[in-house]
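Report on the following structure.
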Amino acid sequence: MANKFNFDRVLRNFKGVDLSLDIANVAKNDFLGNFRAQGFGGNPWQDVKRRTDPTKKQISDGSSTRAILQGKRSGKLRKDVANSVMTGRKNSKLSYTLVVENPYAGYLNEGTPNMVKRQFVGTTIALNNKILKKIDQKLKNIWAT
């Protein structure tokens with residue numbers, strides 16, 4: 001009767017599961033999605049002056065059409081978010097800290113008196129649902145194998 005559910009195998013599978021990296025990748029991909037959507041949590045970022053200022057002469061360098069947080073064609077902030085899992089640190093099997101090594105990431109994410117807040121990293125209901133889905137998937141794998 002004790003082996004009917006094969007708890008030894010389930011326990012062994014559970015001990016081998018490390019959710020922290022999986023959850024970190026789900027979060028990173030969600031944050032990168034904010035760059036593609038040019039907004040956070042379904043709310044678009046405020047447009048930039050290079051697109052909306054009628055006094056500025058429209059030049060053909062792409063500045064009036066490129067993405068809001070793109071910068072001058074480098075995409076450094078987005079790339080730093082993409083590398084945040086590699087530069088981050090594992091705290092436990094269930095916790096991972098993403099690190100965005102960019103000096104102005106915090107200013108953009110939180111805003112300043114002189115800079116508009118354009119949040120790209122943070123917790124949303126959609127992100128929580130994605131994380132819960134990943135955890136559910138991992139738990140099903142523990143019981144299935």
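Summary table
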quantity: Ordering of 7-14, 79-86 by burial proxy (mean other Cβ atoms within 10 Å per residue, highest first); calculated: 79-86, 7-14
quantity: Listed residue pairs exceeding 21 Å between alpha carbons, taken from K90/K138; K93/K117; K76/K117; K28/K138; K90/K140; K79/K138; calculated: K93/K117; K90/K140; K79/K138
quantity: Efficiency of FRET between S92 and Q137 - r from beta-carbon atoms, R0 25 angstrom, step 0.05; calculated: 0.80
quantity: Packing-based order for 136-142, 25-31, using average beta carbon neighbours within 10 Å, highest first; calculated: 25-31, 136-142
quantity: Order of W143, W45 - criterion: other Cβ atoms within 10 Å of each residue's Cβ, fewest first; calculated: W143, W45
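None of the figures in this text is laboratory data; all of them are computed from the coordinates on show. This structure is a prediction, so every number in the text was calculated from the model and none was measured. Here Cβ is always computed from backbone atoms with ideal geometry, including for glycine, and neighbour counts include all displayed protein chains.
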